[in-house]
1. Magnitude of the Cβ-charge dipole of the chain, K/R +1 and D/E -1, about the Cα centre, nearest 20 debye?
2. Could you identify which residue out of Ala143, Ala204, Ala131 has the top mean-square fluctuation in a GNM of the chain using Cα springs shorter than 10 Å?
3. Using Cα springs under 10 Å in a Gaussian network model of the chain, which residue among Lys17, Lys112, Lys60 shows the largest mean-square fluctuation?
4. Once you have a ≥ b ≥ c as the square roots of the Cα gyration tensor eigenvalues for region 144-234, tell me rounded if a/c is under 1.5, and otherwise prolate or oblate according to whether a/b is larger than b/c.
5. Over region 125-234, what is the relative contact order in percent, taking alpha-carbon pairs closer than 8 angstrom and at least six residues apart?
6. Kindly work out what percent of the DSSP beta bridges joining two residues of the chain are antiparallel, to the nearest 5.
7. Counting other Cβ atoms within 10 Å of each Cβ, which GluC sites (Glu not before Pro) in region 1-103 have at most 16 and sit in a DSSP loop?
8. How much length is gained if the chain between Asp74 and Lys99 is pulled fully straight, taking 0.36 nm per residue apart and subtracting their Cα-Cα distance, in nm to one decimal?
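The values are calculated or read from the model by the stated rules, or taken from the named source; none is laboratory data. Because the structure is predicted, anything quoted here is derived from the model rather than measured. Don't worry about glycine lacking a Cβ; one is built from the backbone with ideal geometry, like all the others, and counts go over all protein chains shown. Accessible surface is based on the protein model in full, side chains and every heavy atom, while ligands, DNA and RNA are left aside. Shrake-Rupley method; radii C 1.70, N 1.55, O 1.52, S 1.80 Å.
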Amino acid sequence: MRFQTELVPATLIRRYKRFLADCRLQDGREITAHCANPGSMMGLAEPGMRIWLEPNDDPKKKLKFGWRLVEHGDGHFTGVDTSVPNRALRTALEAREIKGLEAYTTVRPEQKYGENSRIDFLLQGDGLPDAYVEVKSVTLSRAPSLAEFPDSVTARGAKHLGELARVVEAGHRAVMLYLVQRTDCSQFTLASDIDPTYATAYAAARHAGVETLCLGTYITPQGIKVAEPIDIDI
């Protein structure tokens, strides 16, 4: 998935009200960018960080920049836009590039299921059980090379795990897919100290037969692409 317009570097001044970030462009101008991330962004929103913004000239948008990346140095990036994983994964699923899901020929995003919920992707194929794929963006890292989810309490995430378990009980496949939007991590685990309820819900879902996939990403200021699986240590 390529960014629609060329990203520009900036320095983060502050992030506030969850969806707003004041930034300083290289020419010294201070602007406010949209931050498409409702999470805590732990470790990713410190003043002075080098970030990358996507400009836009859409007259319908009040803010003319969107915050897309954090640059960590040594060529490593984190993608902070939580809408990116579904777009990147849709491309990979339709190209049948994800091992374990490559047999499915139909990819249907945002399908209603459960109790007033929508599954990120419903996969279908001749002779195959329907596969319900829930996607979570992973950006937290508190130890070298280790990615963690979640970065804050997520009752919604725990609810989704319960609904995936019921999908399995109904005779379908259910997949919890964690997409690590960091290039500096090679392992994944749950941040059970941040949200023990989510960790308990995950254990119950696994016991019920919900599958887990964890994939990495290639990230540059030009775009984000789904990469190889990442080791899961839960």
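1. Charge dipole, the chain, about its Cα centre: 740 debye, nearest 20.
2. Answer for the Gaussian network model of the chain: Ala143.
3. Lys60
4. prolate
5. Relative contact order comes out at 30 percent.
6. Working: 43 of 65 bridges.
The antiparallel fraction comes to roughly 65 percent.
7. On the way: sites: Glu6, Glu30, Glu71, Glu94, Glu97, Glu102; in loops: Glu6, Glu97, Glu102.
Filter output for region 1-103: Glu6, Glu97, Glu102.
8. Length gained, Asp74 through Lys99: 6.1 nm.
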